[in-house]
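Asker: Please find one structure pasted underneath; my questions will follow.
The values are calculated or read from the model by the stated rules, or taken from the named source; none is laboratory data. Remember, it's a predicted structure, so these values are computed and weren't measured experimentally. Because the Cβ atoms are built from the backbone with ideal geometry, glycine has one as well, and the counts that use them run over all protein chains shown. We work out accessible area using only protein heavy atoms, side chains counted, and drop any ligands, DNA or RNA first. Shrake-Rupley method; radii C 1.70, N 1.55, O 1.52, S 1.80 Å.
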Amino acid sequence: MYYKAETNDFTKFISKMDIPVLQLPNHKDEEWRFTNLDFLKDLNVNDYVNNPLDIFYKKFISKYSNIRELDILFINEAIKKYPDIIKKYFSKIYNHKKDFFCLENLKFINNGIFIFVKDNSNVKLPIEIDLSDLNDSYIFPRIFIYCSKNSDLCFTEKYQTKNEQCYTNIITEIFLSDNSKLEYTKFQNEPNSSIHFSGLGVLQNKNSYLNCNTFTYGSKFTRNNIFLKINGEGSESKLNGLSISNNSNFVDNHSIIQHSAPNSISSELYKGIYSKKSKGVFDSRVIVDKIASNTSSEQLNNNILLSKNASVQSNPILEINTDDVSCKHGSTTGQIDDEALFYLNCRGLDKLKAQQVLLNGFCNEFVENIVNENLKLELNQLINHSLNSI
Amino acid sequence: MLSIKNLNVSVEDKPILNGINLNVQPGEVHAIMGKNGSGKSTLSNVIAGKDTYDINGGSIEFCGQDIDDLSPEDRALQGIFLSFQYPIALPGVNNTYFLKSALNAKRKFNNQEELDAVEFLKLIKSKLQQVGMDESYLKRAVNVGFSGGEKKRNEILQMITLDPKLAILDETDSGLDIDALKIVADGINKSRTSNNSFIVITHYQRMLNYLKPDFVHVLIDGKIVKTGGPELALDLEAKGYSNITD
């Protein structure tokens, strides 16, 4: 049964958008050359009976309704209340025109969450979108966050469904105004047979700061797309990721960071632990536009393979179109260091414990980027759980 | 404590140790001196149980037991400690977690109750003082960004925390300035008892001024060619290895 979204202001708005028809991407597409999507051909997403997320959204809105620094509402309402923002940025920060999954998300949503962070506000709770309790087989969340000038927000997305067959396709768009700060964390801990597609678009204005952390565990297929555009001078962005992967799972961390203003800094640290027959991809492109002089950028990808059958494609790319920049990238993939294991053995720790200590250490370099202490604790528990399962 | 008989060791068919005999009794300090490439580090790694060497003959007994089949961790738990010549950096692993895991593994092996965070902190603070390190060290990752001297002090801190029966100090004095050398030597001297033993591998006599070994052995081409008292180290310093004969 094909679900037809209920008509509302938002669906009318979408229907007026320029929406092309796109085929499922294949390896000939530059952005998908390491990732095989053939398995999706058998999965007819069109057949599903949609359960709109309205009830979930309602709960979320009411949970945080008492926070004065925020205005949280349905996107359907935001069209009337914040028309300029929606018209100017919705589906433009994360552009749907060339993106199959963003189009799919647009096709099935009839609403979403809009978070307006007011000027000079400071919200460090964090604000959490937690979809862990949803039991639906197909989930298409849509989130838009507008951070006003001088605001400071800590925001988290959690995906920990128990539904073995869950198919998630989420698009999150974030606008960071001048001098705003955001700590964004995404946890994924899903069953091994689930499919997870996530698209995050961020547009940064002057002197804004983004600390973006993505943790991936579980799911037979995960694609984390990040499009970050630095549009204002003096901005700083940190993109960090940790993937712990086992069985035959596949994790693809894909990002494009575009420096379109001078004097900005971006850094990426993506780490992966792969066991059994799991496969990983780190495919990241940093583009430095002609105008973006004095850019500083660093891409680093470190992977540990715990089995002969595990593999990683690591592909950090720099595209520099101006002078006077400092850009570097690096990538390492290997086994656990034998010398380090011997050192720990010599201190009385057996092979298993020594490996656990080293892997925990490897993960800690990711955890240390997270500022919020509660999130750190929660993430450490999740990492321990993941490491014990591989 | 330790009895090595006619030990022959090679790496990729290249002989490194050619018939080592060494007897270490409880309470003794033995110094092993020798040129680069004479086999000093191989000897310490083999005693600690590193498996990248081929043992072609001979035996190593520790406390009356042949340890040939024991893993490095079992040797460590039974009381052998190797202070590394080049201590390994462990990114992301903080010193508190590392030391507590090591100490509790040993306590568990000895049927002692494991220490909780508070008990451990109390213990480690007193040990830190002994090696002149401040508490900020506990939060740092093991040997990451440590100076040469800090790494060696860290080895001694681990040694006095784990309280081994036999400590092998592989060039622990290299890269130390005079003050750090005194601290390290002090740490070793304070932990000396009539029940534990030390094998000190060094190039220089100056460390031995502080440690006062019972025996000094000279290792050349994988063989102990001469054994004497502390005066042998002074002799070596003055005359060099080329004048050493049986």
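Asker: Scan region A:238-249 and tell me whether some residue there is on the phi > 0 side of the Ramachandran plot, assigned to a loop (DSSP other than H, G, I, E, B) and out of contact with any Gly (no Cβ under 6 Å at 6 or more places or on another chain).
Answerer: Taking region A:238-249 and keeping what is on the phi > 0 side of the Ramachandran plot, we get A:247.
If we keep only those that are assigned to a loop (DSSP other than H, G, I, E, B) as well, we get A:247.
Now narrow it down to the ones that are out of contact with any Gly (no Cβ under 6 Å at 6 or more places or on another chain): A:247.
For region A:238-249, residues on the phi > 0 side of the Ramachandran plot, assigned to a loop (DSSP other than H, G, I, E, B) and out of contact with any Gly (no Cβ under 6 Å at 6 or more places or on another chain): present.
Asker: Name the residues in region B:159-185 that are under 16 Å from B:Ile199 (Cα atoms) and either small (Gly, Ala, Ser) or assigned to a helix (DSSP H, G or I) (or both), would you?
Answerer: First pass over region B:159-185, keeping only residues under 16 Å from B:Ile199 (Cα atoms): B:159-160, B:163-174, B:184-185.
Result: B:Met159, B:Ile160, B:Ala167, B:Ser174, B:Val184, B:Ala185.
Residues checked against (1) in contact with a His (Cβ under 9 Å, 6 or more places away or on another chain); (2) of a type in the set (A, V, I, L, M):
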site	(1), (2)
A:Gln160	no, no
A:Asn163	no, no
A:Leu182	no, yes
A:Asn189	yes, no
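Asker: Does B:Ile220 qualify as being more than 14 Å from the chain's Cα centre (by Cα) and in contact (Cβ under 8 Å) with a residue 40 or more places away in the chain? Even if it seems obvious, please write down each step before you answer.
Answerer: Working: more than 14 Å from the chain's Cα centre (by Cα): yes; in contact (Cβ under 8 Å) with a residue 40 or more places away in the chain: yes.
Spelling it out, B:Ile220 is indeed more than 14 Å from the chain's Cα centre (by Cα) and in contact (Cβ under 8 Å) with a residue 40 or more places away in the chain.
Asker: Suppose the filter is surrounded by 23 or more Cβ atoms within 10 Å (Cβ to Cβ) and farther than 14 Å from A:Phe101 by Cα; does A:Leu176 pass it?
Answerer: Details: surrounded by 23 or more Cβ atoms within 10 Å (Cβ to Cβ): yes; farther than 14 Å from A:Phe101 by Cα: yes.
Taking the combined requirement at face value, the residue satisfies it.
Asker: Pick from B:Asn94, B:Asn104: which is polar (S, T, N, Q), open to solvent by 30 Å² or more (accessible area, probe 1.4 Å) and more than 21 Å from B:Asn45 (Cβ to Cβ)? Working first, answer last.
Answerer: Working: B:Asn104 fails: open to solvent by 30 Å² or more (accessible area, probe 1.4 Å).
On inspection, the qualifying residue turns out to be B:Asn94.
Asker: Something else now. If only one of A:Asn105, A:Asn120, A:Asn111 is open to solvent by 50 Å² or more (accessible area, probe 1.4 Å) and either on the phi > 0 side of the Ramachandran plot or touching a Pro at 6+ places or on another chain (Cβ under 9 Å) (or both), which one is it?
Answerer: Values: A:Asn105 fails: open to solvent by 50 Å² or more (accessible area, probe 1.4 Å); A:Asn111 fails: open to solvent by 50 Å² or more (accessible area, probe 1.4 Å).
Of A:Asn105, A:Asn120, A:Asn111, the one residue that is open to solvent by 50 Å² or more (accessible area, probe 1.4 Å) and either on the phi > 0 side of the Ramachandran plot or touching a Pro at 6+ places or on another chain (Cβ under 9 Å) (or both) is A:Asn120.
Asker: Condition first: open to solvent by less than 60 Å² (accessible area, probe 1.4 Å) and in a helix (DSSP H, G or I). Now tell me which residues in region A:7-42 satisfy that.
Answerer: A:Asp9, A:Phe10, A:Thr11, A:Phe13, A:Ile14, A:Glu31, A:Trp32, A:Leu40
Asker: If I ask for residues that are of a type in the set (Val, Ile, Thr) and outside any loop (DSSP other than H, G, I, E, B), which ones from region A:161-200 would you list? Spell out how you get there, then give the answer.
Answerer: Just the residues of region A:161-200 that are of a type in the set (Val, Ile, Thr), to begin with: A:161, A:168, A:170-172, A:174, A:185, A:195.
Once the filter is applied, which keeps residues that are of a type in the set (Val, Ile, Thr) and outside any loop (DSSP other than H, G, I, E, B), region A:161-200 yields A:Thr168, A:Ile170, A:Ile171, A:Thr172, A:Ile174, A:Thr185, A:Ile195.
Asker: Filter region B:133-156 for residues that are within 12 Å of chain A (Cβ to nearest Cβ) and surrounded by 18 or more Cβ atoms within 10 Å (Cβ to Cβ); which is nearest to B:Ile80 (Cα to Cα)?
Answerer: B:Glu155
Asker: Test B:Lys127 against the stated conditions and say whether it is within 13 Å of another protein chain (Cβ to nearest Cβ) and in a helix (DSSP H, G or I). Before the answer, list the steps.
Answerer: Numbers: within 13 Å of another protein chain (Cβ to nearest Cβ): no; in a helix (DSSP H, G or I): yes.
No; evaluated as a whole, the condition is false for this residue.
Asker: Look through region A:43-68, keep the residues that are assigned to a loop (DSSP other than H, G, I, E, B) and modelled with pLDDT under 90, and return whichever of them is nearest to A:Phe221 (Cα to Cα). Give the derivation first.
Answerer: Step one: of region A:43-68, the residues assigned to a loop (DSSP other than H, G, I, E, B) are A:43-44, A:48-53, A:64-68.
Narrowing further to those that are modelled with pLDDT under 90: A:43-44, A:48-53.
Details: A:Leu43: 13, A:Asn44: 16, A:Tyr48: 19, A:Val49: 22, A:Asn50: 21, A:Asn51: 23, A:Pro52: 23, A:Leu53: 23 Å.
Applying the filter and picking the extreme gives A:Leu43.
Asker: Could you check how many residues of region B:202-236 are in a loop (DSSP other than H, G, I, E, B) and under 20 Å from B:Gly175 (Cβ atoms)? Even if it seems obvious, please write down each step before you answer.
Answerer: To start, the set of residues in region B:202-236 that are in a loop (DSSP other than H, G, I, E, B) comprises B:203-205, B:212-214, B:221-222, B:229.
Filter once more, keeping what is under 20 Å from B:Gly175 (Cβ atoms): B:203-205.
So the count comes out to 3.
Asker: (1) within 18 Å of B:Tyr97 (Cα to Cα); (2) among the hydroxyl-bearing types (Ser, Thr, Tyr); (3) open to solvent by less than 20 Å² (accessible area, probe 1.4 Å): which one isn't true of B:Ser126, the others all being true?
Answerer: Exception for B:Ser126: condition (3).
Asker: Which of the numbered conditions does A:Ile370 fail, given that it passes all the others? Conditions: (1) open to solvent by less than 30 Å² (accessible area, probe 1.4 Å); (2) assigned to a helix (DSSP H, G or I); (3) of a type in the set (A, V, I, L, M).
Answerer: Answer for A:Ile370: the failing condition is (2).
Asker: Residue by residue through region A:128-157, note down the ones that are open to solvent by less than 10 Å² (accessible area, probe 1.4 Å) and assigned to a strand (DSSP E or B).
Answerer: A:Ile129, A:Ile139, A:Arg142, A:Ile143, A:Phe144, A:Ile145, A:Cys147, A:Leu153, A:Cys154, A:Phe155, A:Thr156, A:Glu157
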